[in-house]
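What follows is a set of notes on a single structure, which appears directly below.
The values are calculated or read from the model by the stated rules, or taken from the named source; none is laboratory data. Given the structure is predicted, the values throughout are model-derived calculations rather than measurements. Backbone-built Cβ (ideal geometry, glycine too); neighbour counts: all protein chains shown. Heavy atoms of the whole protein, side chains included, go into the accessibility calculation; ligands, DNA and RNA do not. Shrake-Rupley method; radii C 1.70, N 1.55, O 1.52, S 1.80 Å.
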Amino acid sequence: MSEALKVPTMAEMMAEDKTPDILFWVGSAGSFDDRAKKISRAFVKILNKANVNFAVLGTEESSSGDAAKRAGNEFLFQMQAITNIEVLNAYEVKKIVTCCPHSYNTIKNEYPELGGTYEVYHHTEFLQQLLKAGKISLSGGEYKGKRVTFHDPCYLGRANSVFDAPRALMNEMKVDLVEMKRSKLNSLCCGAGGAQMFKEPEKGDKDINVLRTEDAMETSAEIIATGCPFCNTMMTDGVKAKEQEGKIEVLDVAELVARSL
């Protein structure tokens, strides 16, 4: 990206006696995975453009503990969570926004019992707030009229009932939004959740991400939109497995928004 992104850390903010309105929780994927970093950058580009007063934890951010908990290591999860909660509470963080539904679900629903209670938003929810407040405008972007289908991430949709925000953003872009036969509450998992991302699939006649990609292909969509870095990886791999790379693009909603500003 040509323009320099402004990404202040909480430590820098505090040193200047400033308090950000939101903490952007980047998440492990958004910090380390090359593909997911692009989603983080797209989201920061939007925050900069909308003049949102935000900060990140930087090196003080650790894994949310989602993968450890789903894999059955409750002890490791609590260690990771409590470490994060101590940092967040020391900075008196109130409002958190993240591009990762796994972090979103864990911090929103599982941190409170360990002493960490915050207002937590998925990035699509926060972007919808910016849209409603007139801080961003999306009409007539490069995706106008493009055929797009949205894959609901499990921890965003079924686990937290967030279905409308991503769709509202895409409708604002005037895309031709087509639903898969399994969507919203009946959406099919991409196969990455529950720490499955980090292991080989069990024996069967088809990988679940390929099955989900076939659902998307049935809509004849040019773009598969996602709201989760794990889903993005699984759907991208599915598109490759079906040899559709030149025909179907997998993009996060934040990337669609960033390119439509």
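Here are the numbers for this structure:
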read-out: Hey, residue 146 surrounded by fewer than 23 Cβ atoms within 10 Å (Cβ to Cβ), basic (Lys, Arg) and under 20 Å from residue 232 (Cβ atoms) or not; value: yes
read-out: Which numbered condition residue 222 misses (of (1) under 30 Å from residue 73 (Cβ atoms); (2) touching an Asp or Glu at 6+ places or on another chain (Cβ under 9 Å)); value: (1)
read-out: Residues of region 1-26 that turn out to be open to solvent by less than 50 Å² (accessible area, probe 1.4 Å) and at pLDDT below 95, as a count; value: 0
read-out: Listing of helices (runs of 4 or more DSSP H) fully contained in region 1-87 that carry 1 or more residues being in contact (Cβ under 8 Å) with a residue 40 or more places away in the chain and farther than 28 Å from residue 113 by Cβ; value: 10-15, 34-49
read-out: Within region 132-154, tally of residues that are modelled with pLDDT under 95 and in contact with a Phe, Trp or Tyr (Cβ under 8 Å, 6 or more places away or on another chain); value: 0
read-out: Residue list for region 31-44, filter: small (Gly, Ala, Ser), out of contact with any Asp or Glu (no Cβ under 9 Å at 6 or more places or on another chain) and surrounded by fewer than 22 Cβ atoms within 10 Å (Cβ to Cβ); value: none
read-out: Tally of residues being polar (S, T, N, Q), closer than 24 Å to residue 36 by Cα and surrounded by fewer than 23 Cβ atoms within 10 Å (Cβ to Cβ) across region 84-127; value: 2
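Conditions tested, residue by residue: (1) of a type in the set (Val, Ile, Thr); (2) under 27 Å from residue 253 (Cβ atoms); (3) open to solvent by less than 30 Å² (accessible area, probe 1.4 Å).
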{"position": "46", "(1), (2), (3)": "yes, yes, yes"}
{"position": "59", "(1), (2), (3)": "yes, no, no"}
{"position": "70", "(1), (2), (3)": "no, yes, no"}
{"position": "73", "(1), (2), (3)": "no, no, no"}
